[in-house]
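Read the structure below first, then the notes.
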Amino acid sequence: MRRRSGIALTLILFFLLSLLSASQLSYLDPSLPVAERVEDLMLRMTLEEKIGQMNQYLGLSFLEREDQKSADQMLSQLRQGLIGSFLMVADLREANRLQEIAKQSRLKIPPLNAIDAIHGHCLYYGATVYPTCIGMASSFNTDLVEKIHAATARELRATGYHWAFFPYLSVSRDPRWGRVGENFGEDPLLVSEMAAACVRGLQGDDYASPGRVLACAKVLLGDGQSINGLNLAPMDVSERTLYEIFLPPAKACVDAGARTFMVAHNEINGIPCHSNAWLLTGLLREQWGFAGYTISDWGDIERLVDGHKVAVDQKAAVRMAVSAGVDVHMHGSDFVEPLAELVREGAISEGRIDRTVRAVLGDKFKLGLFEDPYVDERKGGEILGCEDHIEMALEMGRQSIVLLKNDGPVLPLSRNLKSLLVTGPLADSNALVGDWVHAQPDKNIVTVLEGIEALVSNQMKVEYFNCGNLLEITDQSIDTAAAKARLVDAVVLVVGGNDNRSDESWELRFDRPNRSGGENVARSSLGLVGRQLDLVRAVQATGTPLVVVLVNGRPLAIEWIAENVAAIVEAWQPGMQGGKAVAEVLFGEYSPSGRLPITIPRGVGHLLSFYNYRPTTYLRKYKYGKTGPLFEFGHGLSYTTFEYRELQVSRELSGGGPVNVSVEVRNTGDVASDEIVLLFVNDVVSSVTTPVRKLKSFKRIHLEPGEQKRVHFRLSTDQLALYDVNMRRVVEPGVFEVMVGDLRGEFELESPPLR
Ligand code: GLC
């Protein structure tokens with residue numbers, strides 16, 4: 001009897017002690033250093049709970065839409081502490097709800113919420129939708145890109161997200177690929193600078209500070225030059241091309257502090273990225289010093305089995321991926337169990353798991369989620385689509401537009417026109433918001449027609465003719481458009497493509513009718529889809545002054561238009577304020593300043609077609625038709641003229657010193673305008689072949705009429721390095737040619753080779 005009461009006493013004591021210690025769990029004490037809290041928490045975690053931190057799931061509403069059973073399973077896993085993060089949480093209410101449910105788990109670890117924020121927090125209703133990345137790249141304005149991403153981070157945090165699946169860092173070398181619009185073009189330096197600016201904007205100096213989020217640079221490594229232009233298809237590129245073209249943007253993101261990386265769907269040279277230990281561990285962690293974590297892309301660990309066929313089953317795939325360096329599994333139920341088994345069997349060490357869990361938990365502590373994981377509904381409402389952000393969307397819209405051709409000049413259109421016809425399948429369309437956008441309130445989006453009407457309809461008669469959607473143009477609508485064109489002073493014809501995946505029902509669908517670009521929409525031809533070209537021809541034949549405005553996410557092979565239509569404006573996908581920006585350009589309120597960040601080829605037969613080609617690329621010509629691009633990287637006209645003069649190139653004293661290049665740029669026209677000054681270098685004779693020119697630096701300046709500025713560049717010798725025959729990075733002596741505007745200069749690096 002005495003013994004029994006002794007046991008009871010011990011139990012009561014133990015219970016009281018555990019109550020006491022629960023209220024004093026060190027990891028819940030915000031006054032302790034993060035590292036200490038992490039270690040304390042990890043000591044309390046089971047293996048499954050640890051692996052749970054590597055387990056990401058699709059948000060609740062998306063799952064429910066798929067099927068209730070998986071939604072219920074997910075909720076049960078969350079209550080068991082087996083889910084570490086979510087992607088595609090529908091809204092801030094759902095974000096709060098998931099945090100509440102996570103609090104019911106044993107250790108109450110808050111989830112991280114991630115979402116694709118490709119050109120703004122666009123998958124969120126009411127958010128600011130900026131121009132897509134190909135347009136942002138055309139601005140060459142990394143400062144504005146950084147500000148836009150700081151604004152995007154504020155919108156994300158205010159709505160319960162902590163992690164942006166962005167920046168995209170692929171170098172787009174094949175315009176058949178549907179995702180060109182999501183990327184920053186074909187030049188490794190431009191992509192690097194843009195992607196790094198996005199990382200700085202999203203994360204700030206410290207991603208743990210208010211209004212900042214974790215950036216997820218993606219993808220390692222691909223996918224801008226697959227063997228056939230299709231998304232997910234293999235990349236088969238030389239080691240040299242990898243190092244010269246595709247790796248620099250990834251390295252730039254590491255240097256900018258990107259906290260996370262997403263792994264690419266594709267294989268490279270026979271090795272799927274998800275099982276590529278050289279890429280994910282050797283290069284990324286060991287060589288480049290990356291200390292964050294990686295996440296698989298959608299379905300890609302599974303794809304090692306059913307796609308790439310390098311693993312016999314999911315367990316083997318998980319083993320390959322985690323051993324190679326994949327840290328977090330993006331969505332799916334088949335991850336925690338196989339990984340726990342692998343650890344128990346000794347195939348993967350618990351230390352390997354701990355490395356990831358430490359990093360993930362550390363971020364949750366730093367972000368303050370253990371203290372307060374919730375968001376205030378009112379705050380979200382105040383920040384989303386606020387005036388400052390919309391103003392930035394408009395400004396980027398203006399700067400992203402590239403004037404491809406302006407014979408006559410037809411542009412800017414006079415405000416004294418009596419009548420204007422606005423037509424084309426994209427004249428009054430939301431296509432100008434691009435891909436990765438959920439249906440947005442109609443009032444938030446200014447179409448080209450609306451922009452024009454708002455600007456000039458009190459001065460002239462603006463007539464709109466709806467000639468049908470991209471694929472719905474008929475003989476009759478073509479005839480009517482032409483008939484109407486004959487009766488007006490000028491025509492604005494808006495054609496191109498539509499990458500938008502959402503419709504009014506909030507369904508996100510890759511296969512939406514009329515979707516001609518974007519993720520998973522590659523093309524085997526690059527002309528205008530449907531009967532758009534017939535429409536352009538018919539309107540052009542009327543002789544009425546015509547401006548073709550292109551709204552599209554990838555270069556379009558518009559050879560006939562380039563040869564026959566006097567004025568062509570490449571608007572890309574200029575975002576929610578895009579129609580206003582286009583209207584301002586058309587009527588001269590804003591002088592176009594964008595430059596092409598990607599070459600526009602004449603057609604698919606001309607691929608690959610990029611500006612930084614090797615010297616023998618065009619020694620021979622195609623038998624029929626022209627050889628060479630339609631519009632090359634860097635092309636872009638203005639309403640003013642700029643004169644470049646007095647190019648000065650000098651080496652700073654003593655061996656190894658940087659090269660100073662400066663040039664005087666003068667606005668010789670009578671319109672104020674921005675000018676993008678591009679500095680190219682050619683290594684004239686080298687031990688391995690090098691491109692005829694490579695972009696080495698760029699600056700965007702503003703010049704009033706008659707104003708001139710000297711623009712300075714400083715090239716380090718390291719920027720002149722090449723990979724030699726043994727793939728060692730060296731700077732070779734000899735003459736280097738410098739190209740700025742229409743000027744050329746040169747300098748010489750002396751022998752022996754500098755490091
Ligand atoms: C996709 C995309 C990737 C995106 C992910 C999550 O498969 O390839 O870019 O981040 O899904 O939405």
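The values are calculated or read from the model by the stated rules, or taken from the named source; none is laboratory data. Fair warning: this is a prediction, and the values are worked out from it, not measured in the lab. Because the Cβ atoms are built from the backbone with ideal geometry, glycine has one as well, and the counts that use them run over all protein chains shown. All accessible areas refer to the heavy atoms of the entire protein, side chains included, with ligands and DNA or RNA removed. Shrake-Rupley method; radii C 1.70, N 1.55, O 1.52, S 1.80 Å.
For segment 602-713, what is Rg from Cα atoms divided by 2.2 N^0.38 Å, rounded to two decimals?
Numbers: Rg = 17.7 Å, N = 112, 2.2 N^0.38 = 13.2 Å.
Its radius of gyration relative to the 2.2 N^0.38 Å reference: 1.34.
Decide, for segment 286-344, between rounded, prolate and oblate: order the square roots of the alpha carbon gyration tensor eigenvalues as a ≥ b ≥ c, take rounded if a/c falls under 1.5, and otherwise choose prolate if a/b is larger than b/c, else oblate. Before the final figure, lay out the partial values.
Working: a/c = 1.69, a/b = 1.44, b/c = 1.18.
It comes out prolate by the Cα gyration axes.
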Of TYR618, LEU596, TYR644, which is farthest on the positive side of the dipole of segment 581-646, counting Cα position, with +1 on Lys and Arg Cβ, -1 on Asp and Glu Cβ, and the Cα centre as origin? TYR618
For PHE642, list long-range residues whose amide hydrogen, built 1.01 Å from N in the peptide plane, is under 5 Å from its own amide hydrogen. THR668
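Using the heavy atoms of the protein chains alone and a 1.4 angstrom probe, what is the accessible area of the chain per residue in square angstrom? Intermediate values should be presented prior to the final figure.
Numbers: 28910 Å² over 755 residues.
Per residue, the chain has 38 Å² of solvent-accessible surface.
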Cα-based Debye curve of segment 138-284 sampled at q = 0.12, 0.17, 0.20 Å⁻¹ gives log₁₀ I(q)/I(0) of -0.46, -0.90, -1.17
Per segment 669-755, sqrt(5λ) over the Cα gyration tensor eigenvalues, sorted largest first, in Å, gives 32, 11, 11
Suppose each label sits 7 Å from its Cα in the direction of the beta carbon; what would the ARG486-ASP236 distance come out to in nanometres? 5.5
Just to verify a number: what accessible area does ARG154 come out at with the full protein assembly present, 1.4 Å probe, Å² rounded to tens? 100
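In this model, which of LYS580/LYS696; LYS218/LYS696; LYS108/LYS251; LYS69/LYS443; LYS147/LYS218 are farther than 30 Å apart at the alpha-carbon? Provide the component values of the computation, followed by the final result.
On the way: LYS580/LYS696 33 Å; LYS218/LYS696 23 Å; LYS108/LYS251 36 Å; LYS69/LYS443 37 Å; LYS147/LYS218 20 Å.
From LYS580/LYS696; LYS218/LYS696; LYS108/LYS251; LYS69/LYS443; LYS147/LYS218, over 30 Å: LYS580/LYS696; LYS108/LYS251; LYS69/LYS443.
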Assign unit charges at the C-beta atoms only (+1 for Lys and Arg, -1 for Asp and Glu), then state the dipole size of segment 241-309 relative to its Cα centre in Debye, rounded to the nearest 20. 140
The size of the Cβ-based charge dipole (Lys, Arg +1; Asp, Glu -1) of the chain about the Cα centre, to the nearest 20 debye, is 1000
May I ask for the percentage of alpha-carbon pairs in segment 200-248 that lie more than 17 Å from each other? 52
Can you tell me the relative contact order of segment 555-630? Whole percent, Cα pairs under 8 Å, sequence separation 6 or more. 37
Sort 80-90, 488-498, 361-371 by packing, meaning the average of other beta carbons within 10 Å per residue, with the highest value first. 488-498, 80-90, 361-371
What part of the accessible area of the chain, given as a whole %, is carbon or sulfur when the probe is 1.4 angstrom? 51
MET727 accessible area, nearest 10 Å², 1.4 Å probe? 40
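Based on the alpha-carbon gyration tensor of segment 490-631, what equivalent-ellipsoid semi-axes (square roots of 5 times the eigenvalues) come out, in whole Å, largest first?
Values: eigenvalues 134, 92, 53 Å².
Ellipsoid half-lengths, sorted descending, are 26, 21, 16 Å.
Within segment 195-289, what percent of beta bridges assigned by DSSP are antiparallel, to the nearest 5? Intermediate results must be reported in sequence, preceding the final value.
Values: 3 of 8 bridges.
Restricted to segment 195-289, the bridges split so that about 40 percent are antiparallel.
Net charge within 9 Å of GLY636 by Cβ-Cβ distance, Lys/Arg positive one each and Asp/Glu negative one each, not counting GLY636 itself?
Numbers: positive: ARG595; negative: GLU570.
Local charge sum for GLY636: 0.
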Which residue, VAL89, GLY451, GLY299, has the largest displacement toward the positive end of the dipole of the chain when charges sit on each Cβ (Lys, Arg +1; Asp, Glu -1)? GLY299
Determine which lysines satisfy two conditions relative to LYS623: a Cα distance under 17 Å, and not lying fewer than 8 residues away in the same chain. none
Select from SER226, VAL237, LEU202 the residue farthest towards the positive end of the dipole of segment 200-243; place +1 on Cβ of Lys and Arg, -1 on Cβ of Asp and Glu, and compute about the Cα centre. LEU202
About the Cα centre, and with charges only on the beta carbon of Lys, Arg (+1) and Asp, Glu (-1), how big is the dipole of segment 435-527? Nearest 20 debye, please. 160
So how far apart, in nm, are the two label points at GLU643 and LEU608 if each is 7 Å from Cα heading toward Cβ? 4.1
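In deg cm²/dmol, rounded to 500, what helix-only [θ] at 222 nm does the chain give when every DSSP H run of at least 4 residues adds -39500 (n - 2.57) and the total is split over its residues? Display every interim value, and only then the final one.
Details: 21 runs with 229 residues, N = 755.
Helix contribution divided over all residues of the chain: -9000 deg cm²/dmol.
How far, in nm, would the chain grow between GLU341 and GLN287 when pulled straight, counting 0.36 nm per residue and subtracting the alpha carbon separation?
Details: separation 54, 0.36 × 54 = 19.44 nm, distance 3.07 nm.
Between GLU341 and GLN287, full extension yields 16.4 nm more.
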Quick one: the Cα spread of the chain along its three principal axes, in angstroms, biggest first? 109, 67, 49
Which of the helices in the chain, when you take each full DSSP H run, stretch at least 20 Å along the axis at their Cα atoms and have an average Kyte-Doolittle score of 1.6 or higher? none
Once you sort the root eigenvalues of the Cα gyration tensor of segment 514-587 as a ≥ b ≥ c, which label holds: rounded (a/c under 1.5), prolate (a/b larger than b/c) or oblate (the other case)? oblate
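So what is the relative contact order for the chain, in percent, with contacts set as C-alpha pairs under 8 Å and at least six apart? If you can, show how the numbers build up before the last one.
On the way: 1767 pairs, mean separation 95.7, N = 755.
Result for the chain is 13 percent.
Compute the projected area of the convex hull of the Cα atoms of segment 44-155, averaged over all viewing directions, and report it in nm² to one decimal place.
On the way: hull surface 33.6 nm².
Hull-based average projected area comes out at 8.4 nm².
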Mean Cβ neighbour count within 10 Å, used as a protection proxy, ranking 46-57, 519-530, 176-187, 430-441 highest first: 176-187, 430-441, 46-57, 519-530
Considering only the chain, percent of DSSP beta bridges that pair antiparallel, nearest 5: 55
If r is the Cβ-Cβ distance from ARG79 to ASP372 and R0 is 22 Å, what FRET efficiency results, to the nearest 0.05? 0.60
For segment 291-409: rounded, prolate or oblate by the Cα gyration tensor [a/c cutoff 1.5]: oblate
Unit-weight point scatterers at every alpha-carbon of segment 394-523, Debye formula, q = 0.11, 0.13 1/Å: log10 I(q)/I(0) is -0.46, -0.64
Need one number for segment 636-687: average projected area of the convex hull over its C-alpha atoms, nm². 5.5
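Please report, in whole Å³, the volume per residue of the convex hull around the C-alpha atoms of segment 431-480. Mind showing how you got there, number by number?
Working: hull volume 4.6 nm³, N = 50.
Hull volume over Cα atoms, normalised by residue count, gives 93 Å³.
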